[in-house]
Amino acid sequence: MRQKVHLILLCAVLALMMGCTGSETSGCGSDVDSIYQWENIRKYILQEPDRAFAMVDTAQMWGVADVNYANWMRAQIHLAKGSLEDLDKAREYCLTILDNDNPAPDSLQLVKTYHLLISADQSDSRTWQDAIGYAIEGARISHEYGWTGEEAMFYFDAGDMMEKVQAGSGTEYLDRSLEMFRASSNIQALPTFSYYLGRVARLAINHEDWTRALELTQERVQVVDRIEKEYTTAPAGFIDQQRAYTYSLLAYCYYQTGDKTAAIRSAQAFEATQSSQSPDQQADILNYYIASGNKERISQICAVLEPYYLERLDTVSTDYASWLTLYAEALDKTGRSHEAYLQLGRHIALADSLVQRERQQETLKYAQQMRTQEKELQLKDEEAKTTIFRIISVSAFLIILLIVYLLWRSYKYNKVLTEKNRRLLAEIEQREHEQQQAIEQLEAAPEAELTSGQQLYRRLCELMKQPDIFTDPDINQDTLAHLLGTNRTYVYDALRECADQTPADFINSYRLRHAAHLLATTKDSVALIAELCGLSRPTFYRLFSETYGMSPSDYRRVAKK
């Protein structure tokens, strides 16, 4: 149940993020296109998943969503369906996004994709280590871009998964996440903070660290109070549910730390909530009543929970085994020792069945592998082995020769290419030097000797000495005219007269010179340099190659030598 709550919470946060940023992937703004945005598609993911998939396909076909955004939505739909097969498909779509280079996912898409991968991987113990790796990488990216809330969520996921792998190993990440939430002034993060406090408190209870569990739960009470006062968009019943979760845990912690009076008050506060009537909430408070020996409430709650779990849970599952253990303890507390003994017997039998089923699955897997190997062995004989050996030997020799030849060709090609790029670089540097001299001469000339176009061009050159001007992705002819207090036509004429350039060519020439400088003097990625220069990655590659006659990577290699 808690894993499902966690999954729902993460999906809700991601959906909220997409609601805020979904327009960045949309190519159009019409009412028809808005139908195929995630805000609309997600309405159908539970009741009509096939329709949701069809809408995603249409969104991609019409260009409303690029391939990465479309695959992200498909992964969301599979994740919501929840079967093991669907979780595998969700994981495949997420990995496709991470591996895509055309277009490569941006930082925001990476963060959203890592969130989905963690949600898909946390349900299978075989992928827990993968989930930890994704969470740590997501935290790194979030920290790099200053997304504190996302960073805190990733640290929590990392710590939570590490606790599943080995108890006590995730404490550092969990504490770091909570500290980041404590330092945050974002009201919208309070529900997530409340949930995380409850999760860490339950982990402390599992370790029998009652003092820490009590402190965290008391802090959660304060957070819930803040949510009630400050979080104006909380859905109906949310505060009541939060209080029920918190008071049930608080009663248990107070009792274990010896403050029975406070435990009673907390239990009474729990019973006063409407959510206390929920079977899941009653299962939560049952731990307190078992510890305090309240036979009447134990009997009442068990009378509700026994048929509820029998109908709702798979009777051959770890969740049902956990319920049997709690049920047996409750029966023992009410004096029904014989029934408790029977339930423990059922638990032991169920545990054995689960182990047996797991072993049987492994046995079937190995048996299938053995049958496959036996069939392969039956097809082989000594003559075939000799033939295969000869073929392998000859093939290996030919492959080695081919590799040597390809390496030699690659070396020659790279050598020729490097020389060519060096000549190009020398020509470019000479050309830029001449252009700079012309500008300096123009700047040194008396203003009275200059035409109006030359005067305006000199002012343009002075203006472009400020990097924050030409690195602005939105700068254009109108912007230049506005900054210089003239009109766009004069700007165009001046650039044509003095530099034989359009305004766009003039701006991009400064951007590309700045990019060339960054390529030669920094280790920043090409994608980051394109962004720093105010250009999209495809446009940057095209303009740079056209201007310099080589790719940005080749330029960096030659310039640094």
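FYI, it's all coordinate maths here, none of it is from the lab. Since the structure is predicted, the reported quantities are computational estimates derived from the model, not experimental observations. Positions of Cβ are generated from backbone atoms using ideal geometry, with glycine treated the same way; all protein chains shown enter the neighbour counts.
A few notes on this one:
- For region 227-264 versus region 514-538, the gap between their alpha-carbon centres in whole angstrom: 52 Å
- Per-selection Rg to Rh, region 436-560 - Cα, Kirkwood hydrodynamic radius: 1.01
- Sorted by Cβ neighbour density within 10 Å, fewest at the top, the residues 439, 391, 97: 391, 439, 97
- Residues 123, 536, 177, 276, sorted so that the one with the fewest Cβ neighbours within 10 Å comes first: 536, 123, 276, 177
- Residues 518, 174, sorted so that the one with the fewest Cβ neighbours within 10 Å comes first: 518, 174
- For the residue pairs 43/164; 112/560; 164/260; 81/164; 229/260, the alpha carbons lie more than 27 Å apart in 43/164; 112/560; 164/260; 229/260.
- Peptide packing: for 67-76, 444-453, the average count of neighbouring Cβ atoms within 10 Å per residue gives the ranking 67-76, 444-453, highest mean first.
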